[in-house]
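J.: Handing you this structure, nothing more for now.
The values are calculated or read from the model by the stated rules, or taken from the named source; none is laboratory data. This structure is a prediction, so every number in the text was calculated from the model and none was measured. Glycine also receives a Cβ, built like all others from the backbone with ideal geometry; neighbour counts cover every protein chain displayed.
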Amino acid sequence: MTKIAVIDLGSNTFHLLIAQLGADHQLTPIYRKRVFARLARGGIGLISPTSFREGLAALREFKEALDAHQVAQVKVVGTEMLRLAPNGADFVREVFEQTGLKVEIISGLREAEYIYLGVKQLFPKSSYLVMDIGGGSVEFILVKDGQQTWMVSLPIGIAVLYFRFHLSDPISASELTALQDFLSEKTTGLAEAIEEHPIEELIGASGVFETFFDVLEVPSDMAIEASKVHEKLELLIQTSLEERQQIDTIPKTRKKMIIVASVLLKFVLQLTSVKRIRYSPNSLKEGLLYSIIQDTKL
């Protein structure tokens, strides 16, 4: 059977997903690998020498896995960090020279389209707002009866917010105010879209939401009432890094940026007045897989 793969080069995390394509065109994931390459460890800007080196090492590891599984076709995409970094093109060129992998740097709207394609495989007929929190950007997709009606990619990813606003430990009141003002300015289009097409359910489609559900101690396949999230987020926002080091449900790689992620989620919940939150394990990489099937005759 044919094996296909996708690689998502995010601002903080690199993902590899290999799937087997059955005769009925059904995809069965057979291998997943996640590496926190942290291209944006110094902020959304120049890729640091350490990040450059570790990113290349991750892709060499991915290439070994692709070869071991005898993958017939692979699609590699880069997102916000590679869209903006002055040395992003250098990284892409070095990836090809060392692994033979061709990286396509996609636009924010194209990224949102792939996210929608991935999420709708799990939620095919519902109406909801998809939110995918990345390091450099956040994608929002409004869906009505399974069809997307509006989408946007905004430069408000958690690496952007962390390096610009989270300068104190714990985050200060003035930093919180500045962060919330920034979010208000950047999300006017979202506010208008929600006013025109109100929804009651938010679907979080990223590893950040997986962490939120772990912190809230809610099974990832269940919905959680938005009203129950506010208090927990408010308590989390007040913690210091030392206090978060003791919270086992927050991965080490997310302990610093979980605060700005919490402020962002709390802001969006208030802006949209959604009643429930669900987690989607499907996101960009799953959408990429389905796009390969749509675009080829595999």
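J.: Which of the residues that make up segment 51-71 are within 30 Å of residue 156 (Cα to Cα) and either crowded, with 17+ Cβ neighbours inside 10 Å or at pLDDT below 95 (or both)?
T.: Listed by number, the residues that qualify are 51, 52, 54, 55, 56, 58, 59, 62.
J.: What are the pairs with Cβ atoms under 6 angstrom where one residue, in segment 260-275, is of a type in the set (Lys, Arg) and the other, located anywhere, is crowded, with 18+ Cβ neighbours inside 10 Å? Sequence gap at least six, or different chains.
T.: From residues that are of a type in the set (Lys, Arg), the pairs are 266/233; 275/226.
J.: Of the residues 239, 253, 249, which single one is surrounded by 19 or more Cβ atoms within 10 Å (Cβ to Cβ) and among the hydroxyl-bearing types (Ser, Thr, Tyr)?
T.: 239
J.: Of 22, 43, which residue is modelled with pLDDT under 95 and at positive phi?
T.: 43
J.: Look at segment 284-298 and say how many of its residues are charged (D, E, K, R) and either at pLDDT below 90 or surrounded by fewer than 19 Cβ atoms within 10 Å (Cβ to Cβ) (or both).
T.: Here the count works out to 2.
J.: I'd like the residue in segment 104-117 that is surrounded by fewer than 24 Cβ atoms within 10 Å (Cβ to Cβ) and touching a Lys or Arg at 6+ places or on another chain (Cβ under 9 Å) and, out of all such residues, is farthest from residue 208 (Cα to Cα).
T.: Out of the qualifying residues, it is 104.
J.: Hey, residue 219 hits all of (1) under 20 Å from the mean Cα position of the chain (by Cα); (2) free of Cβ contacts under 8 Å to residues at least 12 places away in the same chain; (3) over 25 Å from residue 15 (Cα atoms) but one; which does it fall short on?
T.: Of (1) under 20 Å from the mean Cα position of the chain (by Cα); (2) free of Cβ contacts under 8 Å to residues at least 12 places away in the same chain; (3) over 25 Å from residue 15 (Cα atoms), only one is false for residue 219: (3).
J.: Based on what the data block shows, is residue 82 crowded, with 21+ Cβ neighbours inside 10 Å, assigned to a helix (DSSP H, G or I) and touching a Gly at 6+ places or on another chain (Cβ under 8 Å)?
T.: In short, yes.
J.: Turning to a different aspect of this structure: I'm trying to understand the selection: among the residues of segment 99-139, which are aromatic (Phe, Trp, Tyr) and part of a loop (DSSP other than H, G, I, E, B)?
T.: 123
A quick yes/no check of all residues on (1) surrounded by fewer than 21 Cβ atoms within 10 Å (Cβ to Cβ); (2) under 24 Å from residue 106 (Cα atoms); (3) not charged (D, E, K, R):
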position: 120; (1), (2), (3): no, yes, no
position: 129; (1), (2), (3): no, yes, yes
position: 141; (1), (2), (3): no, yes, yes
position: 144; (1), (2), (3): yes, no, no
position: 153; (1), (2), (3): no, yes, yes
position: 171; (1), (2), (3): no, no, yes
position: 176; (1), (2), (3): yes, no, yes
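J.: Can I ask one more? Residue 160 fails exactly one of the following numbered conditions: (1) in a strand (DSSP E or B); (2) among the β-branched types (Val, Ile, Thr); (3) touching a residue at least 60 places away in the same chain (Cβ under 8 Å). What is the number of that condition?
T.: (1)
J.: Looking at residue 31 and the list (1) hydroxyl-bearing (Ser, Thr, Tyr); (2) assigned to a strand (DSSP E or B); (3) out of contact with any helix residue (DSSP H, G or I) (no Cβ under 9 Å at 6 or more places or on another chain), which single condition is not satisfied?
T.: Evaluating residue 31 over (1) hydroxyl-bearing (Ser, Thr, Tyr); (2) assigned to a strand (DSSP E or B); (3) out of contact with any helix residue (DSSP H, G or I) (no Cβ under 9 Å at 6 or more places or on another chain) leaves (3) as the failure.
J.: Follow-up question, since we're still on this one. From 62, 96, 91, grab the single residue that is more than 20 Å from the chain's Cα centre (by Cα), part of a helix (DSSP H, G or I) and touching a residue at least 24 places away in the same chain (Cβ under 8 Å).
T.: 91
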